[in-house]
Every structure is written in structure tokens, then in C-alpha cells.
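The values are calculated or read from the model by the stated rules, or taken from the named source; none is laboratory data. For clarity, every value in this text was computed on a predicted model and none was experimentally measured. For neighbour counting, all protein chains shown are included, and Cβ atoms are generated from backbone atoms with ideal geometry for every residue, glycine included. Calculation scope for accessible area: heavy atoms of the full protein, side chains included, ligands and nucleic acids excluded. Shrake-Rupley method; radii C 1.70, N 1.55, O 1.52, S 1.80 Å.
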Amino acid sequence: MEKLEPCDIEVRQVSAGEAADMMTFLLAHYYPEEPTTAGTSPPEPEAADKEFLLSNVPFGTCFMAIAEGRIVAAVVAGPKDAHEPEHMVEEAQKHAGGKWGRILHLLSAVESATDVCRRFNVPTSVHVHALGVDRQQRGRNLGARLMTAVAQRARDLGHRLVSVDCTSVYSARLVRRLGYQLVNTLRYVDHLDESGQQVIHPPPPHECVQTFVLQL
């Protein structure tokens, strides 16, 4: 597929009827390279992981880039509030023992350390959960366009903060360029289970989860 010009790409909100297509795209262009997914066996994401991402579509905070009738990029985001750290602990316990549970174990630790709603004294924020770009269309600013769409939607809905846990060095590089502020870093080698073993083993060059926020 040829590289497309920006004017040939439409960014729009994901509708309920497009959720399955968005997930098919993410399975091909997000999950295989996402460090927490790649760093936890088995390689395929669990059903609960996919169901969680799809649960964000009704909020109207998920977007995709469309070119020539096909998805070339997608972002999943949704609202959270000051109770999110406690909620994440419950979810991690609920799914303990499986791949999604191990990922939630890490994300729960990140959420407890960052606690962005309380930290920035806001009632709610929009959190970016996943961002995928077609491998053949990378370097076309599509990730930035989707992140900008999320921020604008957050403003329209009355949120004062957008947050994102960057599990990848590439996503961290992107949000830094967009003016996001780093608020926390958790190295994968420092996140251990009860027996003292490292929980997530991502491939290089990914070494940490960095949490960033954008104040609106």
C-alpha cells in the first residue's frame, strides 16, 4: 500500500457499528508490538483485555483514521475518576492468574503511583489505553492526529486532563512531542510479583512505563 497524503486520511469517532473493525485492526497493528502484551505469555491477548478496550467505544472517546475505506490508525480512550486506583486493584485481583491479570497487576501499580485525578485535583480525566498505526503508514503523523482528536473530545466533554501510560518508548516519544508532562516512571525490572519475580518481560528497547498528562 502506498504512503497516503494527510488530505487523503479522515479522522473520525468510532461508532458502535465499527467497534469490531477497530478491534480487528488493533489485533494486527497494536497488540503484536505492545510491550506488556509481547512481554507476557501467551502471545495472544485474552478476551477480557479486548472486551475492556471495546467497552470504551460508547463514551465517544475512541477515534480512527480512515483511508480508501480502510482503517490505518486507531486510538482507544475512556474516562476515569479519582476512584480508579481502587478500581484497578479490584480488577487485577479479579483476573489474577492469567495474562490479562499480570498486565493489570502492572497497570494497577502504575495507577496507584500516579493517581492523576487526585494529583491534579480534577474530578475526571480521559485516559488513552491503546494506539495503533498501520505499519505501512507510520511516519505520517497519524498518531499525533488521533491524540489531538482525543484531547479535543475531552475538552468538549468537560474534562480538564488527558493521561496516558506509555508502555513503549515510541509512544512516550510521541506524547512528549505533543506537550505532555511526565509524572511517573516504573521500570519493568522493578515491578515484581509476590515471589520476587519480574512480572512483565517486554522486548527491547522498552524498559519502563511512563505516565504522561496533558492539562486542558
Give region 179-205 a look and list any residue that's surrounded by 15 or more Cβ atoms within 10 Å (Cβ to Cβ) and more than 24 Å from G97 (Cα to Cα), or say none. Y180, V183, N184, T185
Yes/no for T24 being closer than 29 Å to A92 by Cα and either in contact with an Asp or Glu (Cβ under 9 Å, 6 or more places away or on another chain) or part of a helix (DSSP H, G or I) (or both): yes
What's the number of the condition P79 fails, among (1) open to solvent by 30 Å² or more (accessible area, probe 1.4 Å); (2) assigned to a loop (DSSP other than H, G, I, E, B); (3) modelled with pLDDT of 95 or more; (4) not β-branched (V, I, T)? (2)
Give the residue that is nearest to F63 (Cα to Cα), with candidates limited to residues of region 119-137 that are touching a strand residue (DSSP E or B) at 6+ places or on another chain (Cβ under 9 Å) and either loosely packed, with under 15 Cβ neighbours inside 10 Å or of a type in the set (D, E, K, R) (or both). D134
Please state which of the following conditions H129 fails to meet, knowing it meets all the rest: (1) assigned to a strand (DSSP E or B); (2) more than 16 Å from L53 (Cβ to Cβ). (2)
Need the failing condition index for L107 against (1) open to solvent by 30 Å² or more (accessible area, probe 1.4 Å); (2) in contact with a Phe, Trp or Tyr (Cβ under 8 Å, 6 or more places away or on another chain), just the number. (2)
Those residues of region 186-216 which are in a strand (DSSP E or B) and of a type outside the set (F, W, Y), in sequence order: L186, R187, L192, Q198, C208, V209, Q210, T211, V213, L214, Q215
Where the second residue is open to solvent by 20 Å² or more (accessible area, probe 1.4 Å) and part of a strand (DSSP E or B) and the first is over 13 Å from L182 (Cα atoms) and of a type in the set (A, V, I, L, M) and lies in region 197-216, which pairs have Cβ atoms under 8 Å and are six or more apart or on separate chains? V199/L192
Selected residue [more than 30 Å from I71 (Cα to Cα) and charged (D, E, K, R)] from R155, R118, R135: R118
Residue check: is A113 farther than 23 Å from P43 by Cα, part of a helix (DSSP H, G or I), open to solvent by 30 Å² or more (accessible area, probe 1.4 Å) and touching a Leu at 6+ places or on another chain (Cβ under 8 Å)? yes
Residue list for region 152-173, restricted to those being part of a helix (DSSP H, G or I), more than 13 Å from the chain's Cα centre (by Cα) and buried (at least 21 other Cβ atoms within 10 Å of the Cβ): A154
Look at E34 and say whether it is under 28 Å from R102 (Cβ atoms), buried (at least 17 other Cβ atoms within 10 Å of the Cβ), of a type outside the set (A, V, I, L, M) and out of contact with any Gly (no Cβ under 6 Å at 6 or more places or on another chain). yes
